[in-house]
1. Step by step: first the residues of the range 418-456, then only those that are within 16 Å of the ligand (Cβ to nearest atom) and farther than 30 Å from V100 by Cβ, then the one that is modelled with the lowest pLDDT. Which residue is that?
2. Of all residues in the range 40-80, which are away from the ligand (no atom under 16 Å from the Cβ) and in a helix (DSSP H, G or I)?
3. If a residue must be in a loop (DSSP other than H, G, I, E, B) and under 20 Å from A337 (Cα atoms), how many such residues does the range 240-299 contain?
4. Being in contact with a Lys or Arg (Cβ under 7 Å, 6 or more places away or on another chain) and of a type in the set (K, R) is the requirement here; does K273 meet it?
5. Quick test for you: out of G195, G180, pick the one residue that is small (G, A, S), at positive phi and not in a strand (DSSP E or B).
6. Taking the options G353, G348, G380, name whichever one is closer than 30 Å to Q457 by Cα and part of a loop (DSSP other than H, G, I, E, B).
7. Is it the case that the range 201-219 has a residue that's under 21 Å from S91 (Cα atoms) and more than 26 Å from the chain's Cα centre (by Cα)?
8. Given the conditions (1) modelled with pLDDT of 95 or more; (2) surrounded by fewer than 15 Cβ atoms within 10 Å (Cβ to Cβ), which single one is not true for A459?
Amino acid sequence: DGFAAEKLFNQGYSYTYDDVIFLPHYIDFPTDAVELHTKLTKNISLSIPCVSSPMDTVTESYMAVAMAALGGIGILHSNNTPSEQFSLLQSAKSRRIPFVSDFEIKSPSDVIESESDFGSSSVILVTETGNRKSRVMGYVLKSDWVSLKNKDGRVCDYMLKLDFSVPNSYDLDQIAGFLGEKGVKLVPTVRETDGEVVDLMTLEDIERFQELPKRGLPSLASNGEFLVGAAIGTRESDKERLEYLVKGGVNAVVLDSSQGNSIYQLDMIKYIKKTYPELDVIGGNVVTKYQAQNLIQAGVDGLRVGMGSGSICTTQEVCAVGRGQATAVYKVSSVAAQCGVPVIADGGISNSGHIVKALVLGASTVMMGSYLAGSTEAPGAYVVQDGRRLKKYRGMGSLEAMTKGSDQRYLGDKSKLKIAQGVVGAVADKGSVLKFVPYAMHAVKQGFQDLGASSLQSAHDLLRSEVLRLEARTGAAQVEGGVHGLVSYEKKSF
Ligand code: XMP
């Protein structure tokens, strides 16, 4: 019944995830018995198969920390200067708690002019010179400031004194313990190496964390820091960028290119493997066996797969090059598996079913942009449009992003003309990744259970041994597989 993957993907068609469907197999274990632990690269293990994309509207330090706390990993984007990217890395590496702390800082001699000076937080922290690097002196609660009769004074006239902090290496339980013992409502966490303020934790924050869905094991390096990856390009100047990142303790680098099978990338892989033999290198992007073989021979520890499948991509239309993502993942994985190189299925994920398809077709992880871009942890502020909260999401090949510097990914050589291969848009607010990713992982486990696969390895084995069967879906089958035949209604009319 149905087709073996080897037959389905060898008929001359380029299939996307939606074009194919698995036939159910046999269930002999509960959903919770499904194990999603996996590998990002030859040497890096993760407890969930999720990677956030190196895009400037997806992965900066908060996303990297949250992804690692969930058991996945974030790849910091490189649409910035080397020292800016280093700061993002340092900020992620300083954190032990996946907390988005958006508080303002003032000095004692500053004045608070309006409520908007508090930004989105309910507290202003006071340090000696008004920046994160100086001594903590006090704080002002918004609720106290609002009820002040005379608001003209300086911060030192009404701030509450704060002469304690905890080291940034404290975990949630240690911070909760400290707040309980001291009988205080908030405490700054301070980086042990240089005294810089990292976060400002309140009792309410801790309670919010404790209500989050259960997470798997976090992704930690041997020194207890979160695992963090970073993107770089293949120019000479990227060697300097890489030096910064290695100093900052980066755990893996992604060579960020839309067509990775180039002399520039092969040279860079060899350079990195010679200069930093301990560092894991992810090459790509690739969509064919031939491309993959070249990068594997050059020594990559992981392969990133996808060309033009991303939600904001226009590469296939602009350049007439690319491949349907289901076909690309299957083809590349079949050669990568023989060499023990894990595959990252990059782009085109818009629901948990796509994650199941990517993983069963051979990927070890999925890389996501739009799926994560509307979250609390993504960079940028929410805007309200037509009553909906949205966050900006843009392709790194969009003119807007390239103007900021990401042109290398799409130009590769020394070309000067800029041709857009991506667009700018917005995505809806999804809340915290700490909340919705665990639900998505549970859905993925249910998909695996339907297929009778209790782990990624068993799914890959079942696919290759042709026990798992697939079919292509007609247009009508795709419509039938989605919600259809309903009219919208307002509850009150019933
Ligand atoms: P999703 O579908 O998760 O895709 O939003 C994210 C992936 O898309 C790639 N990417 C681009 N591809 N033009 C492209 O052709 C672009 O401007 C662009 N920006 C990102 C990238 O691989 C990312 O991980």
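The values are calculated or read from the model by the stated rules, or taken from the named source; none is laboratory data. Everything numeric in this text was worked out from a predicted model, so none of it was measured. Using ideal geometry, Cβ is built from the backbone for each residue, glycine included, and neighbour counts are taken over all protein chains shown.
1. K418
2. As a first pass, look at the range 40-80 and keep what is away from the ligand (no atom under 16 Å from the Cβ): 41-48, 61-62, 65-66, 68-71.
Within the range 40-80, S61, Y62, V65, A66, A68, A69, L70 qualify.
3. Quick first cut of the range 240-299, residues in a loop (DSSP other than H, G, I, E, B) only: 248-251, 256-262, 276-279, 287-288, 299.
Among the residues that remain, those that are also under 20 Å from A337 (Cα atoms) are: 260-261, 287-288, 299.
The qualifying residues number 5.
4. Numbers: in contact with a Lys or Arg (Cβ under 7 Å, 6 or more places away or on another chain): no; of a type in the set (K, R): yes.
Spelling it out, it is not the case that K273 is in contact with a Lys or Arg (Cβ under 7 Å, 6 or more places away or on another chain) and of a type in the set (K, R).
5. Values: G180 fails: at positive phi.
Matching residue, one of G195, G180: G195.
6. Values: G353 fails: part of a loop (DSSP other than H, G, I, E, B); G380 fails: closer than 30 Å to Q457 by Cα.
When all the criteria are applied, what remains is G348.
7. No, the range 201-219 contains no residue that is under 21 Å from S91 (Cα atoms) and more than 26 Å from the chain's Cα centre (by Cα).
8. Failed condition: (2).
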